[in-house]
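Asks: One structure, as C-alpha cells, below. Some questions next.
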Amino acid sequence: MQKVTAILLGAGDRGAQAYAPYALNYPHELQIVAVAEPNAERRAAFTSAHQIAPQNAVENWEQLLAQPKLADIAIICTQDQMHYHPTLQALELGYHVLLEKPMSPSPEECVEMELMAKKHNRLLTICHVLRYTAFWTAMKRVITEGKIGQIVNIQLNENVGNMHMAHSFVRGNWNNSDKSSPMILAKSCHDMDILSYIMGEPCQRISSFGSLMHFKEENAPTGAPARCLDGCPAEASCQYYAPKYYLGAGRRWARKFTTDTSNEGIVEALRTTPYGKCVYRSDNNVVDHQVVNMEFASGATAMFSMCGFTRDNTRILQIMGTKGDLRGNMEENEFTIHDFVTNEKTTVRVHASEEGHNGGDAGIVRSFLSEVRTYNGGESSSSAAVSVRSHLMSFAAEESRLNGGKPIAIEEFYNRLLSV
C-alpha cells in the first residue's frame, strides 16, 4: 500500500486529536511531515509525537504554503474563518485537501473553493464524519434496500447537551458568529449533510426559526460576577459553575483549553481563559435553539431541531416511509425498523467504535487516503461539490431565521452566489 504524506495546518483539538492520530496508528498508510500551529506548546508536542523535522514545524500556515509542495495532501484544521485562503493556496500548489467543517462562514467562499478544486483537478473533501460511522452507514443501506419504501418525512433532533452547549457555544471558540460561524453552520452542518445523505436528493426549499433565549446577561443569578471563581453566590445551584464541572465530570473537556490538567492547572486556566467566565456574561451571540423545515425534490419533507438544553448529547431521529418507519438513537448505536405489511419489528445494533465520533474521524481519513491513491478525477462522497449543497442549506436556514422564517429557494440562493 502506498504511503501518503501530509502537512497539517492547525494542531488544535480536531487536527491533533481527531485526524492526525491516524498517522500514529497506521504509519504504513499516512505520515505527517510538517505542521503549522501558532500555539508553541501544542506545536512542540505535535512535532515530538510525529517526529517532524524542526524546520517543518512552523507558527503559521503561510510559512508552509510559501514553500514548494512538501507532501501529497494538506489537512486543514484552522478556525472556521481561516479556511478559505489556505485551502485555495494548497489547491493551487497541487495538494489534495482534507478540510475540517464548516468549509467557511461565507457562502461565496464555499462556492469559490468548490470551483477552485475543479479547476486544479484536486480532491477537496470536507470532514462530514457522520457519513463514515457505522450507525449512519447501516441506516443508509437499509433505506437504499427499500426496507421502508420511499421516504416521506424525516424528523431529526440534535440534542447538544447543556454542558456541551456551555463549553463550546457559550464559552468556547464557536460562541460568536462574528468570530466563527452561526450555530446552524458550526454545529449543525453535520445534520444538513446527513439529511442530504439519507434523502439522496436535493433540498429545494427551507425555512427556520430560532434565537438566543437563555444565555444572556438578564438571566444571570443576582450578584453573579464575570467569572465563576470571583465569588459567585449561585455556586451551589448553578449547573454551569465552571470549577464544579471541569474539576469533576467535565475534566476531559479541560484538555481542550489547558495542557496542564492537574487541579491546579485547570483552576489557573479558569482564571485566565473564557472557560471560567459566567455563561450569562460571555460575548456569545449564537442561538441556543433552532428549528429548520425542509422540502426535497420528491416532495418529501424533513424537520430538524437543535437544542442546547438536553441531558444527553446525541441525535435522535424518525424516518417515515411508504412501507415502514425507522427510529434510531445515535448514542445507543441502534435503530428499529417497523414493517407496515408484516408488522415485524427489527432492531439493528451496530458496532460502536471507540475512535472519535464513533469511528467517523478515522473513517473519513481512511476513505480520503484511498481516494487520493486511486484519484483520476471525479468526486468523493463528501467532496466540496456535495458539501457546498448541504452548506447552502445551513446558510439558507440562517438567512430564513434572520428574516422571520421566510422560505428560501435553494437553487435561487445558489445562483445568486454564482453571480456575485
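Derivation of every value follows stated rules applied to the coordinates shown; laboratory data play no part. These numbers come from a predicted model, not from an experiment. Here the Cβ is made from the backbone with ideal geometry for all residues, glycine too, and neighbour counts use every protein chain on show.
Asks: Grab the DSSP H runs of the chain that are 4 residues or longer, score each as -39,500 (n - 2.57), total them, divide by all residues and round the 222 nm result to the nearest 500 deg cm²/dmol.
Replies: It comes out at -9000 deg cm²/dmol, rounded to the nearest 500.
Asks: Please give the net charge around G248, taking every other residue with its beta carbon less than 15 angstrom from that of G248, where Lys and Arg add +1 and Asp and Glu add -1.
Replies: +3
Asks: Something else about it: Expressed in nm to one decimal, what extension gain is obtained for the pair A53 and K345 from 0.36 nm per residue of sequence separation less their Cα-Cα distance?
Replies: Details: separation 292, 0.36 × 292 = 105.12 nm, distance 5.69 nm.
Gain on extension, A53 to K345, equals 99.4 nm.
Asks: Check the straight Cα-Cα distances from K256 and name the lysines below 23 Å, setting aside those fewer than 8 residues away within the same chain.
Replies: Straight-distance partners of K256: K101, K179, K187, K244, K277.
Asks: Size of the dipole of the chain about the Cα centre, Lys and Arg at +1 and Asp and Glu at -1 on the beta carbon, nothing else charged, in debye to 20?
Replies: Numbers: 39 positive and 46 negative charges, 78 e Å.
With only Lys, Arg, Asp and Glu charged at Cβ, the dipole is about 380 debye.
Asks: Moving on to the next point. Please state the charge dipole magnitude for the stretch 4-129, taken about the Cα centre, from unit charges on C-beta atoms (+1 on K and R, -1 on D and E), reported in debye and rounded to the nearest 20.
Replies: Result for the stretch 4-129 is approximately 280 debye, rounded to the nearest 20.
Asks: Quick check: Cα centre of the stretch 243-271 to Cα centre of the stretch 212-226, how many Å?
Replies: Computed from Cα coordinates, the inter-centre distance equals 23 Å.
Asks: Taking the alpha-carbon centroid of each part, what is the distance from the stretch 296-325 to the stretch 108-146 in angstrom?
Replies: With the stretch 296-325 and the stretch 108-146 each reduced to a Cα centre, they are spaced 20 Å.
Asks: Which one, C228, I408, A397, projects farthest toward the positive side of the charge dipole computed for the chain from Cβ point charges (K/R +1, D/E -1)?
Replies: My answer, from the dipole projection, is C228.
Asks: Relative contact order for the chain: what percent, with Cα pairs under 8 Å and sequence separation of 6 or more?
Replies: Dividing the mean separation by the residue count of the chain yields 21 percent.
Asks: In whole Å, what is the distance between the alpha-carbon centres of the stretch 160-178 and the stretch 326-354?
Replies: Cα centroid of the stretch 160-178 versus Cα centroid of the stretch 326-354: 31 Å apart.
Asks: If amide hydrogens are placed 1.01 Å from N in the peptide plane, which non-local residues have theirs closer than 5 Å to the one on K323?
Replies: It is G149, Q150, by chain and number.
Asks: Can you list the residues of the stretch 323-345 with backbone N under 20 Å from a point 7 Å past the Cα of Q155, pointing along Cα to Cβ?
Replies: Output list for this probe position: 323-340, 345.
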